[in-house]
Structure formats: structure tokens, C-alpha cells
Amino acid sequence: MTPPQAKTWSQRGRTPVVRVRGRSRRRMSIAALTCYKPGHRSRLLYRPRRDDGRRDGRKSFSWRDYRDLLIAAHQQLGGPIVLVWDNLNVHKASDLQEWAATRDWLTIYYLPPYAPDLNPVEGIWSLLRRGWLSNAAFSSPEHLVQRTRRGLRHIQYRSHLIDGCLAETGLTISPT
């Protein structure tokens, strides 16, 4: 009787090599809103955007993409929105500010510069990176999109996670 033999996928003494096709232009951007209303469950609204790989195509969100996200949020939430944004240059685009000034249901405040610890959405990204995107080798851009959407969907259905991201900032919701 012979002892069991360990099976490996590489020869003894040779380091296994996995070839991964990489294209530096493949990118995915996500815009998200954490929505809080006293007496209601917290919500997470998000929109993914994939870089299509064309040289003339835009890689990230434009002010129109943010405008469309805010319109969708207003329709889903059914009420006025008080938006607290970080200082991303697209958030401060003049076209977006002009559009927002004409909407009576939208009030915008900006976080101080370099204050990611006050942004609850940063907690969402941390949960996503530490959970559903960790220890994964993505075989294709579609695989990355699928895992990201699955992770965000799991977070969406667990409002206590979204509440925890707000609690981590130290900010509170107080109706006026």
C-alpha cells in the first residue's frame, strides 16, 4: 500500500504561473448615494459606468450622468433631497450647479476638502472592497461588473450596513 500523494497543478520545483490578459483602459466607475430619512429605512442608490475602451469615449462620470442619477433618486424617493457632496471637480461643474439652482427640490452642501471620513459612501466602498471584491481574480470586465453589482445589491438589502456607514462618520440626521 502506497501513501497518498499530494496533487498540485505545477511540477515540483517550478513556480506556477497564471497568465492574465490585462488592458489598462478597462475601467469601471460607480456613482452612489446613501439616502437617510428619519423613520424610514436607509437606502443605497448607485449607477455603474464601464469605460468602453474607445479613445474618444469618456472614462468617468460627466455632470450629465450625475444629473440623471439625481433625477432618478428624486423619482424613487418621492421628496426633496438635501445632498452632501465631496469636492470632486465634476460635482462642482458650473453646468451641474446651474441645473441644480433651477430645482426647488434639491439643496446641495459640500464637505470640507480632504474629509473622506465624513462621507458615508466611503464606508460603502470599504465594505465592497473588503467583502465581495476581495480575494478575487477577475477573468473579464464583465466578471468585475457582475461581482460589484452583486456586492452592492447585498449592501442595498441590509439597511443596517448603510446606517453603520453614517454612524462611522459621526454625523447625525436631524430634521428641521
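The values are calculated or read from the model by the stated rules, or taken from the named source; none is laboratory data. These figures come from a predicted structure and were not determined experimentally. Using ideal geometry, Cβ is built from the backbone for each residue, glycine included, and neighbour counts are taken over all protein chains shown. The accessibility values were calculated without ligands, DNA or RNA, using every heavy atom of the protein model including side chains. Shrake-Rupley method; radii C 1.70, N 1.55, O 1.52, S 1.80 Å.
Assorted remarks:
- Its alpha carbons give the stretch 38-119 an Rg and a Dmax of 14.2, 47 Å.
- Shown is the FRET efficiency for residue 107 and residue 143, computed with R0 = 41 Å from the Cβ-Cβ distance and rounded to the nearest 0.05: 0.55.
- Across the stretch 33-46, rounded Karplus estimates of 3J(HN,Hα) from the backbone phi angles (6.51 cos²θ - 1.76 cosθ + 1.60, θ = phi - 60°) give 10, 9, 10, 10, 9, x, x, 10, 6, 6, 10, 10, 10, 8 Hz, Gly and Pro being marked x.
- In sequence order, calculated HN-Hα J values of the stretch 86-92 (Karplus, 6.51, -1.76, 1.60; Hz; x Gly/Pro): 7, 9, 4, 4, 5, 5, 9
- Scanning residues 5 or more positions from residue 27 or on other chains, those with amide H under 5 Å from its amide H are 51, with H placed 1.01 Å from N in the peptide plane.
- Rounded percent of accessible protein surface that carbon and sulfur make up, the stretch 93-176, 1.4 Å probe: 52
- For residue 110, distant residues with modelled amide H under 5 Å away: 85
- Taking every protein chain into account, the 1.4 Å probe leaves residue 149 with about 100 Å² of accessible area, to the nearest ten.
- Amide hydrogen neighbours beyond the local backbone of residue 81, cut-off 5 Å, H modeled: 106, 107
- Rounded Å value of the spacing that divides the Cα centres of the stretch 135-164 and the stretch 82-118: 26
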